[in-house]
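Single-structure report; data block below.
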Amino acid sequence: MVAAADAAAAAPAAPGAPGALAASPGPAAAAHHEAPVLTGHRPVPAGPRAYRGRIRSLGPLAGLLPAAVLGGLGLVLHRGSTSAARGIGGFALAVLAAPGLLVAGVPLRGGAGLYAVAAAGSALLWMLLGAIAARRATRSPVATWRDFWREWLWLALAVWVGVGLSLVAANFLLGRPAL
């Protein structure tokens, strides 16, 4: 019984019979009657080359955004802090946002001019990392901002590991416990 049904399905139906397929009028006519295929991808507004150029030109500025957010959070935690947890958290966020603070010796030395120079140097560092991340992300012809942030995050993690290691080394040099 199954064999008979398979044979009936495989046999072509006579023209005009129910279930018979009509001959296609050709590709030109079919193109006018078919619905567009929706893939879920939107076209790139000015083309992939312009989009990559936008990532490359805005990458250095975009690299500053996370540092600005971390620095702002550190400032909020540090202002009016009465607990050690807020002070340590504010300091940690500040040095993650501006690694130049450690280079300038900020935990041991102070002054508005020193802070300004350290912040400017850190801003240059983050802009350089943003430019490098943009360059690396746009090696692909179909680069996106997601690719940029992935590259930036690897570079930022390297900086932040260096900040952590320098804090541990400074504590050992000062004869304090590591953590």
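The values are calculated or read from the model by the stated rules, or taken from the named source; none is laboratory data. Treat the numbers as computed from the prediction; the structure is a model and nothing was measured. Every residue, glycine among them, receives a Cβ derived from its backbone with ideal geometry; neighbour counts consider all protein chains shown.
Per this entry, residue 53 is not counted among residues that are of a type outside the set (A, V, I, L, M) and buried (at least 19 other Cβ atoms within 10 Å of the Cβ).
In the stretch 135-157, of all residues being of a type in the set (Gly, Ala, Ser) and outside any helix (DSSP H, G or I), the one that is nearest to residue 51 (Cα to Cα) corresponds to 143. The number of residues in the stretch 66-108 that are in a helix (DSSP H, G or I), touching a residue at least 60 places away in the same chain (Cβ under 8 Å) and within 18 Å of residue 170 (Cβ to Cβ) comes to 3.
For the stretch 39-65, filtered to residues that are basic (Lys, Arg) and under 30 Å from residue 121 (Cα atoms), the residue that is modelled with the lowest pLDDT is 52. Scanning the stretch 135-179 for residues being under 25 Å from residue 106 (Cα atoms) and of a type in the set (D, E, K, R) gives a total of 1.
Considering 104, 84, 94, 67, the condition of being in contact with a Gly (Cβ under 6 Å, 6 or more places away or on another chain) and either closer than 23 Å to residue 165 by Cβ or polar (S, T, N, Q) (or both) is satisfied by 94 alone.
Would you check if residue 132 is of a type outside the set (Asp, Glu), within 28 Å of residue 48 (Cα to Cα) and assigned to a helix (DSSP H, G or I)? Can you show your working first?
Values: of a type outside the set (Asp, Glu): yes; within 28 Å of residue 48 (Cα to Cα): yes; assigned to a helix (DSSP H, G or I): yes.
For residue 132, the condition - of a type outside the set (Asp, Glu), within 28 Å of residue 48 (Cα to Cα) and assigned to a helix (DSSP H, G or I) - is met.
Check the stretch 65-78 and report whether any residue there is under 30 Å from residue 142 (Cβ atoms) and surrounded by 19 or more Cβ atoms within 10 Å (Cβ to Cβ). Checked against the condition, which is being under 30 Å from residue 142 (Cβ atoms) and surrounded by 19 or more Cβ atoms within 10 Å (Cβ to Cβ), the stretch 65-78 yields at least one hit.
For residue 2, are the conditions met, namely being β-branched (Val, Ile, Thr), surrounded by 13 or more Cβ atoms within 10 Å (Cβ to Cβ), more than 30 Å from residue 105 (Cα to Cα) and at pLDDT below 80?
Spelling it out, it is not the case that residue 2 is β-branched (Val, Ile, Thr), surrounded by 13 or more Cβ atoms within 10 Å (Cβ to Cβ), more than 30 Å from residue 105 (Cα to Cα) and at pLDDT below 80.
Among the criteria (1) surrounded by 18 or more Cβ atoms within 10 Å (Cβ to Cβ); (2) at positive phi, the one residue 134 does not fulfil is (2).
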